[in-house]
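Asker: One structure follows; several queries about it will come next.
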Amino acid sequence: MKELSMVVLVKQVPDTQNLTGEAMKEDGTVNRAALPAIFNPEDLNALEMALDLRETYGGAVHVISMGPPSAVEVLKEALYRGADDAYLLSDRRFAGSDTLATSFALKQAVTTKFPDFDIVLCGRQAIDGDTAQVGPQTAEKLGIPQLTYVERIEEIKDGMIKARKLIDNGSELVETTLPVLLTVTDSANEPRPYLAKRLLKYRKAACGFDLPGLLSKYPQFKTAEALREHLKQKGLFIEMWGMEDIQADKEEVGFAGSPTTVKMIESISLTGKGFKKVEPTDDGIAQFVAELIEDHTW
Ligand SMILES: Cc1cc2nc3c(=O)[nH]c(=O)nc-3n(C[C@H](O)[C@H](O)[C@H](O)COP(=O)(O)OP(=O)(O)OC[C@H]3O[C@@H](n4cnc5c(N)ncnc54)[C@H](O)[C@@H]3O)c2cc1C
């Protein structure tokens, strides 16, 4: 069987468990600078699934993140965990992208850079935007089947993939053709920790925007180009792609390619008000059901 070419799409997200009043900007977008940034949790499950498939079937795990320069941190994390290579999709002209424009840019990156891909893996959902739309929209734009809520891959054989997906009250066994896009849930696996050897190697990895700072640290490299070449040879250069690199149409990304607008974002704290305890007895439940019927809730 041909080795698998896999692309994992990962997002750097603000740690929404630590939301504060500064979390939102006036225009309704997330004030990322005010929050610690982390690897979107279910993207770690997607990465783990890809690494696991590589162990079974062979092949390569490529990781792409679209985001600001700081997103290079999640790419380094992916390298620490075992990814073969990682790429940052970053361009000022991507700013303001909604899920449609984001999935267009991701689709362009996959098809221009990895035209022979077999599997694209996404997390089920990002913990900031929370829409769970980017995976399915990217599959639609790639024109390939999608399997969502995937928990386990049962078999890949003869151009077909058989997977178990999470559904209400159980799981479903589904099969489709390759290439395919999977969205992976947090119940799929336990992401592996950083591998010490890889951490020692890839913590020195750098992106184009790091070069000016590094040049003053390593004066033996006379130019940014010489330093870039050195890092490339060592496998420590994280490429950054802009709009031209992925042949994106400027009408399809950023504000121009985004039909949705954030009108308002509110931070909601749930209080005990309106909360009612139901006694776990036959009488308690009967009374609760009667109230629901009276309330037309049931
Ligand atoms: C009108 C509008 C304007 C916006 N403007 C901005 C802005 O200016 N700046 C900004 O940062 N965000 C902006 N956003 C948010 C941005 O669109 C979303 O963060 C992005 O599309 C991902 O959507 P989501 O978080 O719901 O991801 P989901 O759909 O929940 O993510 C599902 C999966 O898709 C993959 N994925 C999602 N996003 C990425 C990514 N960036 N790179 C790689 N893989 C990814 C991951 O595997 C993830 O687990 C805007 C959104 C809207 C609606």
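Asker: Using 0.36 nm per residue of separation minus the Cα-Cα distance, give me the extension gain between TYR218 and LYS234 in nm, one decimal. Don't skip to the answer; put the middle values down first.
Answerer: Working: separation 16, 0.36 × 16 = 5.76 nm, distance 1.54 nm.
Extending this stretch completely gives an extra 4.2 nm.
Asker: Still on this structure, I have one more. Given R₀ = 25 Å, FRET efficiency for GLU3-GLU140 by Cβ-Cβ distance, to 0.05? Let's see the in-between values first.
Answerer: Values: r = 27 Å, r/R0 = 1.07.
It comes out at approximately 0.40.
Asker: A further question on this structure: Helix-only mean residue ellipticity at 222 nm, the chain, DSSP H runs n ≥ 4 weighted -39,500 (n - 2.57), per residue, nearest 500. What is it? Could you put the intermediate results ahead of the total?
Answerer: Values: 8 runs with 88 residues, N = 298.
Result for the chain, helices only: -9000 deg cm²/dmol.
Asker: For a protection proxy built on the mean count of beta-carbon atoms within 10 angstrom, sort 75-88, 217-230, 245-258, 179-192 highest first, please.
Answerer: Numbers: 75-88: 22.3, 217-230: 12.4, 245-258: 16.8, 179-192: 20.6.
Per-residue Cβ counts within 10 Å, averaged per peptide and sorted highest first, yield 75-88, 179-192, 245-258, 217-230.
Asker: Using a Förster distance of 45 angstrom, determine the FRET efficiency expected from the C-beta separation of ASP168 and ASP249, and round it to 0.05. Can you show the working numbers first?
Answerer: Working: r = 39 Å, r/R0 = 0.87.
So, using R0 = 45 Å, E works out to roughly 0.70.
Asker: Taking 8 Å as the Cα distance limit and 6 or more residues as the minimum spacing, I'd like the relative contact order of the chain as a percentage. Could the numbers behind the result be given before it?
Answerer: On the way: 531 pairs, mean separation 64.6, N = 298.
Relative contact order comes out at 22 percent.
Asker: On to the next question. Roughly how many Å is it from the Cα centre of the stretch 119-150 to that of the stretch 185-263, as a whole number?
Answerer: After rounding, the separation between the Cα centres reads 22 Å.
Asker: Please give every one of the lysines within straight-line cross-link reach of LYS217, meaning a C-alpha to C-alpha distance under 28 Å, and leave out same-chain neighbours fewer than 8 residues apart.
Answerer: Candidates past the 8-residue exclusion: LYS76, LYS197, LYS201, LYS204, LYS232, LYS234.
Asker: Which of the aspartates and glutamates could be linked to LYS107 by a straight reach, that is with a Cα gap under 16 Å, when you skip same-chain ones fewer than 8 residues away?
Answerer: Within the straight-line limit of under 16 Å, LYS107 reaches these aspartates and glutamates: ASP91, ASP98, ASP116, ASP118, GLU140, GLU244, ASP245, ASP249, GLU251, GLU252.
Asker: Another question about this same structure. Could you name the lysines in cross-link range of LYS157, using Cα to Cα under 23 Å and dropping any fewer than eight places away on the same chain?
Answerer: The qualifying lysines are LYS2, LYS165.
Bear in mind these aren't lab numbers, they're just calculated from the coordinates by the rules spelled out. Since the structure is predicted, the reported quantities are computational estimates derived from the model, not experimental observations. Positions of Cβ are generated from backbone atoms using ideal geometry, with glycine treated the same way; all protein chains shown enter the neighbour counts.
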